Structures are given as structure tokens and as C-alpha cells.
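Asker: Below is a structure I'd like to ask you about.
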Amino acid sequence: MIPLNNMIRNLLGLLLVSLLCAQSANADAPIDIMPLPQHVTLNGFRLPVGKSLTVHYSKLSSARLQHATERLANAWQTRTSVETKVVESDESKAALVISCDSLSPEIPAVSADESYSLDINSKHAVLHATNEIGVLRGLSTVQQLLASDKQGWYLPGLAITDAPRFSWRGLLIDTGRHFMPVGVIYRNLDAMALVKLNVLHFHLTEDQGFRIEIKRHPELTAQGSDGKFYTQQQIKDIVSYAAERGIRVVPELDMPSHTVSWLVSHPELTTGSEPVILERRWGGFNPVFDPTNEAVYSLVNDVLDEVTTLFPDPFFHIGGDENNGIQWTKSESIQKFIKDHGLKNNSGLQTYFNQRVGKILDHYNKRMIGWDEILNPDLPHRDVIETWRGEGDISKATKEGYDVIRAHNYYIDLQRKTDTHYQTDPEPEGSVGNPGHVLGGEATMWSEFVNSQTIDSRIWPRTAAIAERFWSSQATKDVDDMYRRLDYIDLRLDEVGTQHKKYVRQLLEHLIGSEHSKSPLEVLENFVDACEPVSGLPRKGITSYTPLNTFPDVVRVDGKIQRHFSYKVKSFLDAKTFNEASSYSITLYLLKWKSSASLILKISNTSPALSDAATLAYQLNDAAALGLEAINYIKHDQIASVAWKQMALKRLKLDSEVRNNVRLAIIPSVENLINAVKIEK
């Protein structure tokens, strides 16, 4: 008799083979990259890639182009495990010919032409663009195209003409609630470049932290940052690092609300009597700037005088969101000011504040952006609205002639499934506004529930699909193909240095403890992949002091294994005839999860950090057992009793209960299997 552990190990090996075969079955797909180019034509050629990447810079060369080519070679070296060097060559001998018509400004222009063309045959690949930024976008495509077969590494023969659909393709990183060290910003800029995002929205101030050095007012960081902030030199380095990758950096200093970190050192700038203390919780808080106090504008001007010199981009974000107005309403002097100036209400006062700050930004040649709360008929039309509360605000703002950036439904911190974001277009269909005013969109990574270790996993790989929505044709909507290609980009992101995959093992090692350090981590990862966070559900009791290293912090959205399981079940049940191979594959998945659940239950007895996972392990063990019973009924074409089905669905409902913001992701598929079992009449 074969021992159970050996049998499970053998079955898991067969499962891996079946997964590889499934991936091979998709080999006829045109190209496995994100975002998809606007136009692609395959020509059947194959360009071999060796140890040396021979490059010829046609027309002109530059440090930016050379560095980009070196990054391409480094990524390929990581993928191939073969030392890859860039060697400049004559055009006739070069594998990669880069034809660039002109240099780009050191800081990318808002209106930069990002188009490129790429032609690959059996002799060389020719990449052409009108400027360096277009070349950078083309090199991101080349970087992803590298493939392999039994003959070795190669680039597929094709012709691409490509350009972005939207000029504004951003990622917001919130460093106010949880500070993100410079290294976190760098590696995410590299990932952004890979998927052709071109704006880093740098959220620098919050109720929990003032994150940028102001030399004229050192008290802002001394009292408002816990010592965690970026020096001005670090900011310059980040801007330069981004620019070399064709990415603009737009800062946000949130005001007049979300300003507690300003006010702890300047309590005289608010109207409330309550003490102002740096916040450790999340939400909207009462202390805000007093717009009737001239000293507010003096401080804001001092800060902007320094900050605007650090960020050369012509846009500047002032936030403007979530002002509850409680202090303004309670203040007799503020209400008198509103009445005396004909401002009607608190909203009118905030518009007054925005206009004053806007004039300061005008002085520094900056164009103001704010969240959709700033939208008001008195707002200058040169200002930009970033919408986050609904599609109606997009229509309203564009109809009134304002440029718009869409963030609504791109809130990746809420941990919604990738297809939800992918099927959201920056220009809503049937909009009554003016779509020509939609500049593009931004994925927003608010940091209440992430730290520097886990943030990458909440951004990637889902944001690659959002990047495709911003870049590719509106007609690119195939969700199944998006998910297929997302598995490839998941690996490519790892090559450029993101920690979205590595952190899983690191955190699992912490959770299981030293006593169980030899436990098979791949089995624990299987358990993690059977679970998912509950989208949009805030985690209770979390503050800026909370260590984010518990089981809910390791669980990810759209786990690859459970997603593949879902596909397997769907195709198995949709088939008109019984498929033995599919049945066997589903059985392997379920056995795998029973095995991982058993290991979790064993380890959790002496690993208190896994207490959250123990109940889920019981649920997973039961759900997998129910799935095995169902597949066995179907396999043998047996008829189950009504009582069995009622019992199975009742147990499955219990198995679906949420535990500390986590639930089993496989429940719907197991339920489909149960419902497919024939029941006695």
C-alpha cells in the first residue's frame, strides 16, 4: 500500500504536469504580454537570442537609451539564468536596432509622443520611435516578448504599431498612512515602466504623517512624521529615477482636511478646541485648516515654494477630499466669514480655499488637481478633477469643461478581483459629458492596511490589467485572455524586482515559527491560494502601530491556483460528455487542499500566529471533502439522496463564513459541483 503522503506527492506532481500542459495548449495565442499593443501581425519568423544582446543605436544614442537597454538585458539574464551582456554592433550584425528620431526632455513631457513600431524577423528586431519615451515603451514590449522552446531563447517574428489610448496612466502610492522607504518606490517604478504606466501619484501628507522635508519648517517632520520622511535629496533622486524610465511624478499634499500632521506643529491654524495629536487610526478627523486664517496661506506658500522646485511636473495635487466640516460649522467666526463673503456654506468656503491655493500654485506655474469634492462652478476650468466617488462625477465634470482623471473602481487597496477593474473604462459608456476631457486613470494604493513588506502584493499583478485598460484599445475586453496573460506578467514583474511573490514565503515562515521551519512551504502556499480577502471590508482594530504580518496579510486576491481550479470545474461541468482527465485534475486539486489544511491544523497547535488560519483550515478540509464526494458521484454517474445534497449545501454554507476578513475562494466552484450531482426524484 502506498503511504498517503507519497500518494499526495505523486498526485501533486501529476497536477503540475497537467498545469504545464494547459499552458502549452495556449501557445497559439499571439503574444503573452501586457498591455496588448494596438496592432500586431505575426510573420512566422523566429529571432534567436544568445548570451550577447547585440545592439545598434541608429540615428542617435543617449545615456537614457543605453541604461534602458541594460535593464532589458538584466531582466533577460534573470529569466534565462544566462549571463547577458549588451554589445554595441554594426547595424548589419545587431540583433536589436533602435531607431530614435530625437531626444526627449529630461523630465517627460505631459504631451510626450509614446508611440513606437517594432518589426522582428529572423535577422534582427527593429524598434523605431520619434523620441526616447517611445523607445522606452517599445523596449518594455521587447522585454516581455522573450520566449523559449527546445531550440533555445528567441523573439517571435511580428510587426507592431502601438500607442497609448490615454496620456495619463497612473499609480497612486500613499506614503502618509504607512511610510514606504525609497527602495519600495524604486521597485514599483520599475514595475510601472514594464507595463507602460507613466505617472506616479505620490501621496505625501496625511493625518498620520508628513513625509517630505521642508527646510524652512523642520517642525513639520519633527512633530508630524515619527522620523519617517523623504529628504529633499531623496525626492530629487526618485524624480530622476522615474524620469529615466519615462515616468512623471506628481506630488499630493492633502488639504484642507487630512492635515493633522501639519497641525500638530501648527495648532493655531485650526479652529477646534480639542488637542491636535498625530493620528494612529484611519478615517476622517475634525482638525482641518481654517481658511479664514491668513497664516494658513503663509505656511502653505512656504511649503509649496520648496516642494514645487523638487517636482518639475506641471501638475500638483492638493487633495481636497473628505472634509467633514464639523469644526467650520461650530466656529462662529468662520460662519460669519462665510456670510460676509457670500459663500453660502462650507462647500463655498472650501472653494474659496481652493482658489487661494490655486493662485499660489499659479505663481509656481503648476496646474492644480483635486479629488472630486473640489468640483464647484467657481473652480477655474484649468484645474483637473480626479473622480473617486462614481461615474456621475466624470459626466458632470467633463460636461462642465473640466479635464478628468478617473480613480473610481481602480481602488486596488479594496482588494477587488482583477476583472472588476479590467472591465471599468476611464470613459464610461453612454456618458453625457465630454469624453475628450478624460485624460486617463489611476490605480490607487491607499496604505491603511499595507506596509513596505506587503504593498507590492496589493498592487501587482492586478495593476498590470488596469495598465492595459489605460493603454490598449477599448475593444480589448477578453477577460479569460487577460487572466491567461496575467500569469505571464506575474513572472515578468518578479524579474524587475517586485516583492509581490517573495513576501508570501517570508511571511509564512514567520507565521509557522522556527519549530516548523522544515514544513513544506509549497503546501502552505497552496492553502493560502485557496483563500481570498473579502473585498472592500475594512479590518477592525488596525492602527499605524499594528504589525501587518498576520494570516490576512498573506492572503491575495485572484490566487492563481484557485482561479485555475475554477476554470477546470466550469469547463468540466459545461462539457456535454464526461471528461475523465478533467475529473482527475479536479480530484488532484481537492486532495491537495485537504493535505494543506491538515498541515495547517497540525502546525497551528503550537504556532499561535496561525490561529486565524486554523478555523479556515477546518472549513477547507470539509469543503474539499464535499467536493470529492460530488466528483465521485458525477464520475460514477450515481444518484445522490436529497438529504445528502441538503446536508452538503448546509455544510458548505458554514464553510463559507468569513474569518478575520478572509474566506475560502473555492466555495462557489465546490457548490457548482454539488449542484451538478444527480438527485433522486
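The values are calculated or read from the model by the stated rules, or taken from the named source; none is laboratory data. Everything numeric here is computed off the predicted structure, so don't read it as measured data. Here the Cβ positions follow ideal geometry from the backbone for every residue, glycine too, while neighbour counts run over all protein chains shown. Only protein heavy atoms, including side chains, enter the accessible area calculation; ligands, DNA and RNA are left aside. Shrake-Rupley method; radii C 1.70, N 1.55, O 1.52, S 1.80 Å.
Asker: Among 292, 178, 224, whose Cα lies farthest out toward the positive end of the dipole of the chain, if unit charges sit on the beta carbon of Lys, Arg (+1) and Asp, Glu (-1)?
Answerer: Of the listed residues, the answer is 178.
Asker: Just to confirm the number: angle between the C-alpha axis of helix 232-244 and the first principal axis of the chain, 0 to 90 degrees, nearest 10?
Answerer: It is inclined by approximately 60 degrees.
Asker: While we're here: Among the listed pairs 592/681; 570/635; 501/650; 85/502; 51/93, give every one whose C-alpha distance is greater than 24 Å. The partial results should precede the final answer.
Answerer: Details: 592/681 34 Å; 570/635 15 Å; 501/650 35 Å; 85/502 26 Å; 51/93 15 Å.
Where the Cα-Cα span goes over 24 Å, the pairs concerned are 592/681; 501/650; 85/502.
Asker: A further question follows. Calculate I(q)/I(0) for segment 110-172 by the Debye formula, one identical point scatterer on each C-alpha and no solvent, and give its log10 at q = 0.24, 0.25 Å⁻¹ to two decimals.
Answerer: Computed log10 I(q)/I(0) values: -1.01, -1.07.
Asker: Moving to a separate point now. If I model a spin label at residue 182 and residue 51 as a point 7 Å from the Cα along the Cα→Cβ vector, what separation in nanometres do I get?
Answerer: Calculated label separation equals 3.6 nm.
Asker: Using protein chains only and a probe of 1.4 angstrom, how many square angstrom of residue 39 are accessible, to the nearest 10?
Answerer: Taking all protein chains as shown, residue 39 has close to 120 Å².
Asker: If each of residue 579 and residue 93 carries a label point 7 Å out from its Cα toward its Cβ, how far apart are those two points in nm?
Answerer: Output for this residue pair reads 5.1 nm.
Asker: A follow-up question, please. Ignoring everything except DSSP H segments at least 4 long, calculate the 222 nm mean residue ellipticity for the chain; use -39,500 (n - 2.57) per segment, divide by total residues, nearest 500. Provide the component values of the computation, followed by the final result.
Answerer: On the way: 24 runs with 297 residues, N = 681.
That comes out to -13500 deg cm²/dmol.
Asker: Oh, and also: Could you pull out every residue, at least 5 positions away or on a different chain, whose amide H is within less than 5 Å of the one on residue 53? Hs are placed 1.01 Å off N in the peptide plane, and Pro or chain starts have none.
Answerer: Under 5 Å from the amide H of residue 53 lie the amide H atoms of 85, 86, 87, each far enough along the sequence or on another chain.
Asker: Another question about this same structure. Return the aspartates and glutamates within reach of residue 396: Cα separation strictly under 13 angstrom, same-chain partners fewer than 8 residues apart disregarded; answer none if there are no such residues.
Answerer: 372, 373, 386, 427
Asker: Right, here's the next one. Quote the FRET efficiency, to the nearest 0.05, computed for residue 484 versus residue 231 with a Förster distance R0 of 60 Å and r equal to the Cβ-Cβ distance.
Answerer: Numbers: r = 44 Å, r/R0 = 0.73.
Computed FRET efficiency for residue 484 and residue 231: 0.85.
Asker: Residue 215 label point, 7 Å along Cα→Cβ, cut-off 19 Å on backbone N: hits in segment 230-250?
Answerer: Under cut-off, by backbone N: 230-240.
Asker: In addition: Using Cα pairs closer than 8 Å and at least 6 residues apart in sequence, work out the relative contact order for segment 49-201, in percent. Could you put the intermediate results ahead of the total?
Answerer: Values: 246 pairs, mean separation 32.9, N = 153.
In percent, rounded to a whole number, it is 21.
Asker: Next question, about the same structure. Principal axes first, then extents: for the Cα atoms of segment 143-256, list largest minus smallest coordinate on each axis, whole Å, largest first.
Answerer: Taking the Cα atoms of segment 143-256, the three principal extents are 62, 30, 21 Å.
Asker: Could I ask something else about it? Once the cut-off is 24 Å, how many percent of the Cα-Cα pairs in segment 536-681 end up in the long-distance tail? Kindly include the intermediate steps, with their values, before the conclusion.
Answerer: Values: 3918 of 10585 pairs.
Above the 24 Å cut-off, segment 536-681 has 37 percent of its Cα pairs.
Asker: Let me ask something additional. What is the ratio of the Cα radius of gyration of the chain to 2.2 N^0.38 Å, where N is its residue count, to two decimals?
Answerer: On the way: Rg = 27.4 Å, N = 681, 2.2 N^0.38 = 26.2 Å.
Its radius of gyration relative to the 2.2 N^0.38 Å reference: 1.04.
Asker: Compute the Cα gyration tensor for segment 217-259, then decide on rounded, prolate or oblate, letting a ≥ b ≥ c be the square roots of its eigenvalues: rounded whenever a/c is under 1.5, prolate when a/b is larger than b/c in the other cases, and oblate in all that remain. Write down the numbers at each step before the final one.
Answerer: Numbers: a/c = 3.53, a/b = 1.66, b/c = 2.13.
In terms of gyration-tensor shape, oblate.
Asker: Taking the alpha-carbon distance from residue 344 and a cut-off under 13 Å, which aspartates and glutamates remain once sequence neighbours fewer than 8 residues away in the same chain are dropped?
Answerer: 378
Asker: Among the trypsin sites (Lys or Arg not before Pro) in segment 452-490, which ones are in a DSSP loop with at most 11 other Cβ atoms within 10 Å of the Cβ? Mind listing them? Don't jump to the answer; show the numbers that get you there.
Answerer: Numbers: sites: 458, 462, 469, 477, 484, 485; in loops: 477.
Listed in order of number, the matching sites amount to none.
Asker: Have a look at the DSSP beta bridges in the chain and tell me what percent are antiparallel, nearest 5. Provide the component values of the computation, followed by the final result.
Answerer: Working: 25 of 71 bridges.
Expressed as a percentage, antiparallel bridges in the chain total about 35.
Asker: Counting chymotrypsin sites (Phe, Trp or Tyr not before Pro) as exposed when in a DSSP loop with at most 12 other beta carbons within 10 Å, what is the longest stretch of the chain free of them?
Answerer: Numbers: sites that count: 545, 578.
Answer from the scan: 1-544.
Asker: To continue, here is another question. Using Stokes-Einstein with the Kirkwood hydrodynamic radius over Cα pairs, what translational diffusion coefficient do you get for segment 39-168 at 20 °C and a viscosity of 1.002 mPa s, in µm²/s rounded to a whole number?
Answerer: Numbers: Rh = 14.9 Å.
Diffusion coefficient, whole number: 144 µm²/s.
Asker: For residue 330, list the aspartates and glutamates whose Cα falls under 14 Å from its own Cα; do not include residues on the same chain fewer than 8 positions away.
Answerer: 274, 290
Asker: Mind listing the phi-derived Karplus ³J(HN,Hα) values for segment 206-217, rounded to whole Hz, using 6.51, -1.76 and 1.60 with θ = phi - 60°, and x for any glycine or proline?
Answerer: Each residue of segment 206-217 in turn: 7, 4, 9, x, 9, 10, 9, 5, 10, 5, 6, 9 Hz.
Asker: Note the per residue figure in Å³ for the convex hull of the C-alpha positions in segment 277-344. Show your work: numbers first, answer last.
Answerer: Values: hull volume 10.1 nm³, N = 68.
Given the Cα convex hull of segment 277-344, per-residue volume reads 148 Å³.
Asker: When the Cα atoms of segment 471-557 are enclosed in a convex hull and the volume is divided per residue, what value in Å³ results?
Answerer: On the way: hull volume 14.7 nm³, N = 87.
Dividing the Cα hull volume of segment 471-557 by its residue count gives 169 Å³.
Asker: With label points built 7 Å along Cα→Cβ from the Cα atoms of residue 322 and residue 101, find their separation and express it in nm.
Answerer: Those two pseudo-labels are separated by 4.6 nm.
Asker: Restricting things to alpha carbons, tell me how big segment 335-447 is in terms of Rg and Dmax, in Å.
Answerer: Here Rg and the maximum Cα pair distance are 15.8, 51 Å.
Asker: Name the shape class, rounded, prolate or oblate, that the alpha-carbon gyration tensor gives for segment 206-295, where a ≥ b ≥ c are the square roots of its eigenvalues, rounded holds for a/c under 1.5, and otherwise prolate holds if a/b is larger than b/c and oblate otherwise.
Answerer: Details: a/c = 2.14, a/b = 2.04, b/c = 1.05.
Since a/c reaches 1.5 and a/b is larger than b/c, the shape of segment 206-295 is classed as prolate.
Asker: Next question, about the same structure. If you put +1 on each Lys and Arg Cβ and -1 on each Asp and Glu Cβ, how big is the dipole of segment 250-302 around its Cα centre, in Debye rounded to 20?
Answerer: Working: 2 positive and 8 negative charges, 48 e Å.
So the magnitude is around 220 debye.
Asker: Would you mind working out the magnitude of the charge dipole of segment 459-509 relative to its Cα centre, with +1 at each Lys and Arg C-beta and -1 at each Asp and Glu C-beta, to the nearest 20 Debye? Walk me through the intermediate numbers first.
Answerer: Values: 9 positive and 9 negative charges, 25 e Å.
Dipole magnitude for segment 459-509 comes out near 120 debye.
Asker: Separate question: Rounded to two decimals, what ratio of Rg to Rh does segment 398-490 give with C-alpha atoms and a Kirkwood Rh?
Answerer: On the way: Rg = 14.2 Å, Rh = 14.2 Å.
For segment 398-490, the value is 1.00.
Asker: If you don't mind, another one. Tell me, what ³J(HN,Hα) does each residue in segment 126-132 have, in order and in whole Hz, if you take phi through Karplus 6.51 cos²θ - 1.76 cosθ + 1.60 with θ = phi - 60° and put x for Gly and Pro?
Answerer: Each residue's phi maps through the Karplus curve to give 10, 10, 10, 8, 6, 8, 5 Hz.
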